[in-house]
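Here is the structure we will look at, set down as structure tokens.
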Amino acid sequence: MSKALLLVLAGLQLAGCATARTLDAAKPGAPVVYAGTRLDWYVIQGGCCAMDHFGAEAPGWPGVDLTASFLLDTLLLPVSLLTAAGVGVSTRGGL
């Protein structure tokens, strides 16, 4: 597969990724730690109101997204734990 095709596929996956959606949601009281994984699992178990609970729409194929969300949530675990603890985390680019 060409690199361009892989980049397009990765972009499409992130656009539908539950973790990416919950990161953008910023809903007060919504889960932060493993939020994407929890959103996928909620929908798989028949949850009806993802927007009310997570502040984000559920992905169309939560069973397919579950593994990718789990991996991304694991990579982002230190940041999500700090956020859940109330510690503000910000980043800045440049020198």
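Is there any pair linking a residue in the range 77-89 that is within 19 Å of Thr19 (Cα to Cα) to one that is at pLDDT 85 or above, with Cβ under 6 Å and at least six apart or on different chains, and which?
Final answer for the pair search is Ser80/Val32; Ser80/Val33; Thr83/Val32; Ala84/Val32; Ala84/Val33; Val89/Val79; Val89/Leu82.
Helices (runs of 4 or more DSSP H) wholly in the range 39-92 with at least 1 residues that are among the polar types (S, T, N, Q) and closer than 19 Å to Lys27 by Cβ - which ones?
Working: elements: 50-54, 62-75, 77-84.
Ranges flagged: 62-75, 77-84.
Given the residues Ala26, Ala84, Ala68, which is the only one that is of a type in the set (A, V, I, L, M) and either surrounded by 16 or more Cβ atoms within 10 Å (Cβ to Cβ) or modelled with pLDDT of 85 or more (or both)?
On the way: Ala26 fails: either surrounded by 16 or more Cβ atoms within 10 Å (Cβ to Cβ) or modelled with pLDDT of 85 or more (or both); Ala84 fails: either surrounded by 16 or more Cβ atoms within 10 Å (Cβ to Cβ) or modelled with pLDDT of 85 or more (or both).
None of the others qualify; the one that does is Ala68.
The values are calculated or read from the model by the stated rules, or taken from the named source; none is laboratory data. Computed from a predicted model, the values in this text were never measured in an experiment. No Cβ is skipped: glycine too gets one built from the backbone with ideal geometry, and neighbour counts run over all protein chains shown.
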